[in-house]
Structure formats: structure tokens, C-alpha cells
1. Could you calculate the contour length gain from THR3 to ARG172, that is, 0.36 nm times the residue separation minus the distance between their Cα atoms, to one decimal place in nm?
2. Quick one: length gained pulling PHE149 to ALA64 fully straight, 0.36 nm per residue minus the C-alpha distance?
3. Quantify how much of the Cα-Cα distance distribution of region 1-42 extends past 18 Å, in percent.
4. Given labels modelled 7 Å from the Cα in the Cβ direction, how far is it in nm from ASP81 to ARG134?
5. Heavy atoms of the protein only, probe of 1.4 Å, neighbouring chains included. What is the accessible area of ARG5 in Å², nearest 10?
6. How large is the charge dipole for region 23-144, taken about the Cα centre, if only the Cβ atoms of Lys, Arg (+1) and Asp, Glu (-1) carry charge, to the nearest 20 debye?
7. For region 74-174, give me the percentage of DSSP beta bridges that are antiparallel, rounded to the nearest 5 percent.
8. Please tell me the relative contact order of region 1-93 in percent, rounded to the nearest whole number, where contacts are Cα pairs under 8 Å and at least six residues apart.
Amino acid sequence: MITIRVARPADLEAVGRVHVDVWRHAYQGVVPPSFLDRMDPAVSAERFRKRLSDPKQAFWVALAGEDVVGFASGGPNRLEDFDADAEIYTLYVSPLWQGRGIGRRLVGQLADWFIQQGHQSVAVVAFRDNPWRRFYERLGGIVVGEKTFEIDGVALPEVVYRWPDVEDLRVRAK
């Protein structure tokens with residue numbers, strides 16, 4: 001049984017492990033191997049610590065028993081060139097737990113929170129070659145543009161998805 005709850009400081013070590021595991025699994029052949037090899041769960045965990053203390057951001061974990069198997073975070077839109085009130089910052093589900101509806105439930109939780117915060121629209125960015133990016137299309141995300149993100153000197157193309165109505169995202173994710 002999977003439960004979703006607000007992330008706590010004690011979850012961060014596991015969050016860091018899930019983050020690194022997902023990147024190494026999903027982004028082989030997408031992100032330079034030099035970067036994937038250097039990824040450190042402790043560094044990832046520390047980066048996510050800031051999200052826990054920011055009241056303008058939401059951070060949820062998915063638990064199988066007491067084990068963190070996924071997480072999602074979001075808050076105000078940081079994408080200057082793309083019109084949206086809110087943004088999904090992260091969505092990761094451990095490779096062993098993918099395909100079980102956990103990502104959908106995490107997105108639904110974020111959508112509920114976005115609505116409570118008064119946000120009307122949502123955006124998310126995914127690597128163009130991300131094998132899981134069609135997930136956003138199945139939830140009704142519309143491609144509204146592209147951008148690039150540089151890792152280890154390599155410009156990686158990204159796709160920006162948008163939901164003009166966060167309520168539509170909430171309904172599709174439930």
C-alpha cells in the first residue's frame with residue numbers, strides 16, 4: 001500500500017537516493033555519463049532540504065510502508081518565458097516502483113495544493129529525450145515550447161508542458 005504525505009527532514013536521505021537512482025536509470029544516453037557518475041545522494045538530499053522550509057513550495061513523498069519510493073515538489077512558476085502560475089519542479093518514482101500509479105498520485109497531490117494556493121495554470125519541464133515524458137501528455141499537458149539545459153558542457157533540449165487549467169490536471173491525475 002502506498003501512502004502520500006508531506007516530506008519531512010528525516011526523508012531527505014531516501015529522497016536523495018531515489019533522485020540519483022531515477023536519473024541513472026532514466027537518463028542513460030540522455031545526460032552525459034560523467035554527470036551521472038558524479039551524482040551523490042547526499043548532495044541531492046541537501047539540495048532538497050531548502051524546499052522543506054519554503055512555505056511557497058510543496059514537497060510530497062510516496063511511501064511503501066516506511067520506505068520513500070517517490071517524491072514530487074512544486075511551487076510558483078520559475079519559467080520566465082512560459083505563462084503559468086505554478087510549476088512542477090520534481091517528480092521522481094524509484095525504478096522498481098514505476099508503472100503503479102505513484103507518479104499520477106503525486107501529481108494529483110500537487111494539483112490539489114496548487115488549487116489551494118490559488119494557482120490557475122501549471123507548467124513542467126522535461127528533457128526532450130526523457131523516456132517518461134509522455135506521462136505528462138497522458139495527463140493532458142500541452143507542449144508550449146522548448147528550451148535547453150547545459151550539463152557538463154552539453155546542451156540538452158527540454159520540452160515545456162503546460163496545463164491552462166490546474167483543475168483539469170487534478171481531475172486527470174485522480
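The values are calculated or read from the model by the stated rules, or taken from the named source; none is laboratory data. Everything quoted here is computed from the prediction, not taken from an experiment. Methodologically, a virtual Cβ is constructed for each residue, glycine included, from the backbone with ideal geometry; neighbour enumeration extends over all protein chains shown. With ligands, DNA and RNA removed, areas are computed over all heavy atoms of the protein, side chains included. Shrake-Rupley method; radii C 1.70, N 1.55, O 1.52, S 1.80 Å.
1. Roughly 58.9 nm would be gained on extension.
2. Fully extending the segment from PHE149 to ALA64 adds 27.3 nm.
3. Of the Cα pairs, 38 percent sit more than 18 Å apart.
4. Using points 7 Å along Cα→Cβ, the separation is 2.7 nm.
5. We get 50 Å² for ARG5.
6. Approximately 260 debye in magnitude.
7. Here the share of antiparallel DSSP bridges comes out near 85 percent.
8. Once divided by the residue count of region 1-93, the mean separation gives 32 percent.
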